[in-house]
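Please read the structure below before turning to the comments.
The values are calculated or read from the model by the stated rules, or taken from the named source; none is laboratory data. Everything numeric here is computed off the predicted structure, so don't read it as measured data. When we count neighbours, we look across all protein chains shown, and the Cβ atoms used for this are built from the backbone with ideal geometry, even at glycine. All accessible areas refer to the heavy atoms of the entire protein, side chains included, with ligands and DNA or RNA removed. Shrake-Rupley method; radii C 1.70, N 1.55, O 1.52, S 1.80 Å.
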Amino acid sequence: MSFGLDNLPYGVFSVDGGNPRIGVRLEDQVLDLAPLLHDDVFLEPTLNPFMARGRAVWRATRARVQDLLADDRCAEHLIPLDRVRLHLPIDVADYVDFYASLEHASNLGRMFRPDEEPLKPNWRHLPVGYHGRAGTVVVSGTQVRRPCGQRPSFGPSLKLDIEAEVGYVVGTGGTGSFEEHVFGVVLVNDWSARDIQAWEYVPLGPFLGKSFATSISAWVTPLDALDHARVPGRAQDPEPLDYLRRKAEWGLDLRLHVSLNGETLSNPNYRDMYWTPDQMLAHITVNGAPLRTGDLYASGTVSGVDDPGSLIELTWNGAQPLKSGQSFLEDGDTVTITATTPSGLSLGEVTGRILPATLR
Ligand code: CA
């Protein structure tokens with residue numbers, strides 16, 4: 001079942017312009033948690049106050065909801081999905097974007113630096129990442145305006161792209177283990193203006209080519225729903241430093257489906273990623289920087305050998321256009337990313353439509 005009792009992702013919804021509040025998705029319905037569980041934390045407009053309560057509460061709440069639904073004691077609190085509006089489920093504290101796919105990093109290295117080794121010397125030693133812009137994280141369905149910038153002449157980006165990623169939502173602050181801190185998983189489309197990015201990224205990395213919008217799915221899948229999808233992480237050579245050593249299996253078998261205007265572009269699997277999310281979390285905090293409730297960190301583009309998660313790889317930077325003739329996003333295009341686990345559990349979708357640039 002896509003959204004059965006074993007899934008139960010959390011989101012924020014409103015009905016008829018009312019206050020946004022917290023619900024859990026069951027099939028094509030939303031379970032209104034505040035009246036069901038008699039807890040005002042579910043009347044909040046984001047998941048942050050609930051997430052801040054910690055893993056023991058997340059587990060107990062999930063078990064209670066599963067019991068109530070199994071006993072059929074929720075009917076009066078179930079609302080059809082088509083009656084609700086979905087909102088950004090978290091107040092994003094910090095947003096960090098990694099670069100954890102060996103295939104993606106190698107492909108971009110070959111394109112951007114054709115005369116060098118595709119991977120920089122540090123790449124196999126640490127999960128490379130950068131701090132992104134938390135304030136432009138938007139919920140699935142939000143329209144995305146084509147950015148303007150230096151490419152290097154000024155104008156609307158001519159190489160607007162997608163990055164199909166998997167994101168991790170931090171529930172509790174401090175420093176500690178992945179299982180303790182991470183509340184759940186979202187799908188991410190990290191929109192990228194490749195022409196702006198190519199001009200600006202040396203020497204300090206991605207900036208305005210990335211910061212205009214990052215879309216996330218409206219539903220946050222609890223980590224506890226993904227136990228059956230856990231797999232060993234991909235083999236790593238050289239062996240990472242002690243603080244990056246894996247203590248548990250946190251590779252995830254998630255088959256992504258990336259589509260453009262309804263046509264399939266690619267089906268990368270997240271299990272092929274080189275760096276796993278527990279390693280990324282260990283890396284974020286190793287310098288002493290504490291986590292905060294609402295932190296979001298994303299995997300970087302999920303690309304397999306034959307299934308790239310970006311247009312720049314699919315079209316080799318425009319050298320091999322798609323069947324439609326286009327290589328990058330056109331105004332009016334809609335991109336949708338979905339994902340499923342081996343048992344058919346759905347991680348929902350992240351979708352967005354491109355609006356024309358507004359010249360400044
Ligand atoms: Ca990215």
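Side notes on the structure shown:
- Accessible area expressed per residue, the chain, with surrounding protein chains retained (probe 1.4 Å, Å²): 42 Å²
- Order by protection proxy (mean Cβ within 10 Å, highest first), peptides 97-105, 61-69: 97-105, 61-69
- Cα centroid separation - region 93-108 against region 267-315, whole Å: 5 Å
- Spacing of the two label points (7 Å from each Cα toward its C-beta) at residue 326 and residue 19, in nm: 4.1 nm
- Cross-link partners of residue 247 among aspartates and glutamates, defined as those whose alpha carbon lies under 17 angstrom from its own and excluding same-chain residues fewer than eight positions apart: 179, 180, 227, 237, 239, 278.
- When the alpha-carbon atoms of the chain are used, the pair Rg, Dmax equals 20.0, 64 angstrom.
- Helical mean residue ellipticity (222 nm; -39500 (n - 2.57) per DSSP H run of 4+; nearest 500) of the chain: -4500 deg cm²/dmol
- Here residue 159 is the anchor, and the lysines within straight C-alpha reach of less than 23 Å, apart from those fewer than 8 places off in the same chain, are 210, 323.
- Residues with amide H under 5 Å from that of residue 173, placed H, sequence gap 5 or more: 293
- Maximal additional length on extending the residue 359-residue 142 stretch stands at 76.1 nm, based on 0.36 nm per residue less the C-alpha distance.
- Span-rule helices in the chain, defined as complete DSSP H runs reaching 24 Å or more along the axis (Cα) with Kyte mean at least 1.0: none
- Kirkwood estimate for region 77-152, i.e. one over the average of 1/r between Cα atoms, Å: 16.4 Å
- Note on residue 234/residue 40: beta-carbon distance plugged into 1/(1 + (r/R0)^6) with R0 of 41 Å gives a FRET efficiency of 0.40.
- Dimensions (Å) - region 120-249, Cα atoms, principal axes, largest first: 49, 37, 26
- Computed 3J(HN,Hα) for region 327-344, one whole-Hz value per residue from the Karplus formula 6.51 cos²θ - 1.76 cosθ + 1.60 where θ = phi - 60°, is 10, 10, 6, 9, 4, x, 5, 10, 10, 10, 10, 10, 7, 9, 8, x, 8, x, glycine and proline marked x.
- Once the Cβ-Cβ distance of residue 207 and residue 56 is raised to the sixth power relative to R0 = 45 Å, the FRET efficiency obtained is 0.70.
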